[in-house]
Structure formats: C-alpha cells, structure tokens
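What follows draws every value from the coordinates through simple rules; no lab data is involved. Quantities reported herein were computed from a predicted structural model and do not represent experimental measurements. We place every Cβ from the backbone using ideal geometry, glycine too, and count neighbours over all the protein chains shown.
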Ligand code: MN
C-alpha cells in the first residue's frame, strides 16, 4: 500500500513547497475513519482512497485535490460529518469532498423525473469546481479496476454501463483521454467479455506476426528525421480494444480487416516543428489521401491538438502518425487536469481555464429554466436532452436547438440576416451540406454571402419555427417582387404593341379593382389580369396597333419564381425562345420549335435572353447519348464532359442492350455554343455512337 511518506514525496517532486503536514493528517484521518472497512476484494477499504490520491498526484494536481482524493469517501461511508471536515481541513477541501460525495449519490438509472433532477445536481456540483469532477473520474476509474471483485454480475454490468455512458464521455469532454481510454476498455470487458477477448486475441496475433514491427518502424522513422535538424521523440502506441470495437461498428469491418493497430507519435518542441515534421513525413512516405487532419489549426472541442496523417510507412504498411508538441501531448492525455496541475512560478494561475467549460453552466441554466424537467430529459445518458441539441458558435457560445435541427436552423437562431445569407457551413472544421443535422457538441461555423438568399428547398429540411417563418417571409416577398416586375414588363409589352408611349397614368387601376399600381402589376404578373384585358383598357389602342418588336428580357428575373424554363425542351442561352403565359405561374419559356407549345389557347409573349446576350448563368440541357457497352465508356464520356467545363447534373440509363447503352444526360452549360462544343467533343470519341439534344 502507498504510505504517507511515499505520497508526500510524490507531491514534493512537482511542488516542493507542498504542505506535507496537511497530506499526512488527511492520510491518517481517512485511514482511521475507514477503520476496518473492507473492499469487495477483501483488502482494507483505505487502499482505495490512497490509490485515488496517488493517481491525482501522478496527474500533478494541487495538494487540495490530492487531499480530496484521500478523503473523498469519508462523508458517504463513515461517521465523519461535513462540519467536522470543514473544521479540520478548511472550507475548500470540505467543499470538494462534499461535491464528490454528491456526485456519488446520483443514481442514473432511476425514473425520468429523478434523472433530470439528479443530472441538475450533478452539473451544479461540477460547475462550481471542475476538480470535483476530476476526483470523481479518478475514483470511478479505480473502482472500475477492481470491479472484477464484485460478486454480482448484475451490479458489475450496471456500473460498467454507467461508466461507459456517463463517466467516459465526461472524461473525454474535459479532455482526460487516459482516463477515458482505460474506463472504456474496463467497461467493455465487463459488458462484453467474449468480444473483448476476441479482439484482444486478434491484437496478439498481429503483434506476434509483425515481429518487432513497432521498434523497426520507429527506427526507420527516426532515420528520416536525422538530417532534418528537428529533434524528435518517436514512439508507437497500440490502439485500445474498445476503440477497435467501435471502429468495427462504425466502419462495418471485420476482425480480419483490422491491421493498423499502432499509432506512431512524433513529439517535437514547437508548433512550427510540427508542420516541418509533417513535411518530412510526407516527403519520405506516400500519403493515404483523405486521412490528413489538422487539429492544431482547428482543435477538437475538448482542446485536443495534433496533426494526424496516414502514410505507407517504411515497412510498406499503412501507419497512422500523430505529430504534436510535448504540451499538446500532455493536454491530450490529461485535458483539464493538465491546466489545473501545479506550476512552479504561478501556482493555480490557470483557474480561468474552467471558463472553457461554460457548457456545464449552460446546461445547468437550461435545466433550471425548464419548468418540467421530464419534458426536457428522456434518457439517463450524457445525451440526456432528448429533445434538444447543444451546439457552439466558433466563439464558444452555446446555441440550443430542437433535436433534428440543421445548420440552416442554427444560422437563423443566431440572426435572421445570417440565416438569409448563409451559403455554406463548417461543422467541427469540415465543410458539410446546409441540410446537415446537428449533433450535440458540434461547433458550427456558418459561412455567409451577401449574394445568397433563402431557397424554397430549405423549407423542406428546417425544423425550427423561426427558420420556417423567415424563409417563408423571404420567399413571399421575393415572389411578390418577381411577379410585380413581370406585371410591369407585360404592361410595357402591351403598350409597345401600340404607338402610345407607356405611362402609368394611362392605367385606370380602379377599373381593375386594384388599390395600387403595385397590386395591378402583381395581378398582371400572376395572370389574374390578362394581357388582352390591358390592351382593351388602353385608350384608342385599336387604332394604334403596330408590330411588336419588343420582348421581355429574361435577365431581370430569377428562374423558378415568375419565369420558368420548360422541362420539355430545356432552353439554354442562345436558343430561339418564346414565352407562354401561364396563369398563377408566370411565363414558361420554351424553345420555339418545342412541340408542347402547339396547343391552342396559349398566349405567347416574345422573350429574349438579354440585350447583349451576356448572362452570367448556367443552364441545363438534356442530351441523349448512345455509347458502346464497354467498361470504359462511362468514364470516357464523364471525362469529356468535365474537361469541357460542363458538368453532369443527372444521368439515366434509358435502355441497354449487349452492344449499346442509351443514356439521358443532363449537362450544365453556359449557352448553346458551349453545348455545341461539348456535343462535338463527345462525337469525336470512339465509344460514342451518337449525341442528340432533346
Ligand atoms: Mn470512492
């Protein structure tokens, strides 16, 4: 057993001025308080708090925390009272011990109402001093190490599950990965002993097969750094059994497919050297695409920082390499504890670091403000807030949204303008689609553009009332503006078929039962007032008919609102086009040769692309392409299309025979000339039998 002198010298190693007397008194006090109590293993109870204190000292935590480790069970398991503790050890230590005790009393498997209340207590305790949580986590880890002595299988499983669902995620959340890793493996062992053994066996096999693989790889890696002038410390670290298990589940791979079980660590002195070392690695070894991650530029939420890359290593096997500084390495293992540890010149100067854990307080506020906690909480896990999801802005502000909310909901939650102009989103540093559903803890960075505006499609995936209302409002306003503009153009168009100069004053809006000219234009655009009716309303129009040389210019309109491009003929810039007035829809633009416009009763409107035929837009044209039924054919045609700066928006195999494929391909192009180039390029290819625009 750890003696009091051993503990004192352990603490003195990093804090020479530590209060040895305080440590000794706490040691004796706890030992006497627990007396003849025994653990499930049969050993004296005091072994347990002594081990917890040892672990805390190994994390180089301040004396108060180490003392709390010694005393953490006296309130719960002995006759010692809070007042007694306060009198002997002072308010701070009494408060910490009390906090840990409260955490221990929380039962996560009780009814829902109690869970909510318990979780509130839990957050309350840890939000006041994060050291309470650190001691609790170390306590739980020690209990997990001796869990195999507990006779009841049921109890073992319950404790293991609670560890996996509550304590391991909390340890991860505050960055204490050493604790998280060990907790997960121990919990997994107790919950799924067979799977645990199978994976352990497989890891053994790989280890034995690759004799000295780790040592040899480390040696080879060191060689490439020799001439670089960077002093590095390289080691190999085997992956944890539980993390292998999780990988098997998320990536759907079997035990046999697991090969890289070691991650190599390159520890350097400075951040610059991290990037230089990455350069050294990438210069000497082939990188595996898509596996590089820069957590230095964009740290994980729990402040984890490192460069990760996977390369074909010196022994021609894929290896994962993590590059970091000594400090990053320590924070990766110990997280918040690294900030709380004793520093020679500035003892405990890092108390402010707890402000990074503002999420605890935010959760607390939400719990306190919700009248009925049962409604908020439906689970006993850390993901307890079944109906809510908690995300963060890049500044670390908490945004609470209903579960299922997307990045667009998030944007609107911050500000209407952010929502109305959002064009992209980075979640945890990665570009993802705007409709991505948010998950707890996501850091969401909304990218805006003044040229962006809400799209009708957004309405289908947003779930918050605010986002829905804003999008609707915008679309309604835009619709009104577009139809009003179309109505004005149509009215001018009618005037231009006469030799009467257009003037708003000539329109007697009362005749059309409109109270404003804007309303009149809108009704014309919508087709509520027909163009022929306007014609009749123009004084003496009959006597002044001339041939209409004017046409409505399409550039003034956003496609899809008051002006639409017909799906039957897919007109593109440069095509000869004609507009058909469709009540309620506006103008449908067809190619003049389109069969669909032959139907009687259509009101035709002359339309044109633009004055100078210069539009900064793209159009979709549909092609029927017949290709040879050969393996490369598809690759060849997609290649030709993209190398001609066009892109495929849709592709359908219409018909297939042993010799040929008939494809329908929608391509996005600038204009007819561009489309002509794409078609010509396709025709030069021997796999292409024919190309025809539909
Ligand atoms: Mn304990």
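With the simple model of a label 7 Å out from the Cα in the direction of the Cβ, residue 582 to residue 476 spans 2.4 nm. Take the Cβ atoms of residue 237 and residue 680, set R0 to 41 Å, and the FRET efficiency comes out at 0.10. Shown here are the Rg and Dmax of the Cα trace of the stretch 619-693, at 11.2, 35 Å. Relative contact order, whole percent, for the stretch 475-608 stands at 26, derived from Cα pairs under 8 Å and 6 or more residues apart.
So what's the angle, to the nearest 10 degrees on a 0 to 90 scale, between helix 20-34 and the longest Cα principal axis of the chain? So the inclination is approximately 80 degrees.
Convex hull volume of the Cα atoms in the stretch 404-562, per residue, in Å³? Each step should come with its number before you reach the end.
Working: hull volume 20.2 nm³, N = 159.
Expressed per residue, the convex hull around the Cα atoms of the stretch 404-562 is 127 Å³.
Full extension of the segment from residue 204 to residue 292, taken as 0.36 nm per residue of separation minus the current Cα-Cα distance, would add 28.9 nm.
For the listed peptides 310-323, 642-655, 62-75, a ranking on the average number of other beta carbons within 10 Å per residue, highest first, reads 62-75, 310-323, 642-655. Relative to the longest principal axis of the Cα atoms of the chain, the long axis of helix 4-14 lies at roughly 50 degrees. Each of 510, 102 was scored by other Cβ atoms within 10 Å of its Cβ. Arranged with the fewest first, they read 510, 102. Counting beta carbons within 10 Å around each of 521, 295 and listing the fewest first gives the order 295, 521.
On the basis of the beta-carbon distance and an R0 of 45 Å, residue 308 and residue 36 show a calculated FRET efficiency of 0.30.
One chain, two ends: residue 508 and residue 223. Fully extended at 0.36 nm per residue, the span grows by 93.6 nm beyond their Cα-Cα distance. Taking the longest Cα principal axis of the chain as reference, the axis of helix 241-250 is set at about 20 degrees. Over the chain, the Kirkwood radius and the radius of gyration, each from Cα atoms, give a ratio Rg/Rh of 1.12.
Between the stretch 618-694 and the stretch 259-294, the alpha-carbon centres lie 42 Å apart. Using only the Cα atoms of the stretch 475-608, build the gyration tensor, take square roots of its eigenvalues as a ≥ b ≥ c, and label the shape rounded, prolate or oblate: rounded if a/c is under 1.5, else prolate if a/b is larger than b/c, else oblate. Taking the square roots of the gyration eigenvalues as a ≥ b ≥ c, the stretch 475-608 is oblate.
Could you sort 490-496, 174-180 so that the peptide with the highest average Cβ count within 10 Å comes first and the rest follow in order?
Numbers: 490-496: 20.6, 174-180: 23.9.
For the peptides 490-496, 174-180, the packing ranking is 174-180, 490-496.
Placing a pseudo-label 7 Å from each Cα along the Cα-to-Cβ vector at residue 430 and residue 593 gives an inter-label distance of 4.9 nm.
Using r as the Cβ-Cβ distance of residue 248 and residue 533, and R0 as 56 Å, what FRET efficiency do you calculate, to the nearest 0.05? E(calc), rounded to 0.05, equals 0.20. Each Cα pair under 8 Å and six or more residues apart adds its separation to the average, and for the stretch 3-65 the resulting relative contact order is 37 percent.
Would you compute, from DSSP H runs of 4+ residues alone, the mean residue ellipticity of the chain at 222 nm, taking -39500 (n - 2.57) per run and dividing by the full residue count, rounded to the nearest 500? Walk me through the numbers on the way to the answer.
On the way: 28 runs with 311 residues, N = 694.
Mean residue ellipticity at 222 nm (helix-derived): -13500 deg cm²/dmol.
Maximal additional length on extending the residue 568-residue 555 stretch stands at 2.6 nm, based on 0.36 nm per residue less the C-alpha distance.
Before anything else, pin down the relative contact order of the stretch 619-693: Cα pairs under 8 Å, at least 6 apart, normalised by residue count, whole percent.
Values: 138 pairs, mean separation 34.8, N = 75.
Here the relative contact order equals 46 percent.
I need the fraction of alpha carbon pairs in the stretch 158-278 separated by more than 20 Å, rounded to a whole percent.
On the way: 4062 of 7260 pairs.
Value for the stretch 158-278: 56 percent of Cα pairs lie more than 20 Å apart.
If you take the square roots of the eigenvalues of the alpha-carbon gyration tensor of the stretch 420-494 and sort them as a ≥ b ≥ c, do you get rounded (a/c under 1.5), prolate (a/b over b/c) or oblate? Since a/c reaches 1.5 and a/b is larger than b/c, the shape of the stretch 420-494 is classed as prolate.
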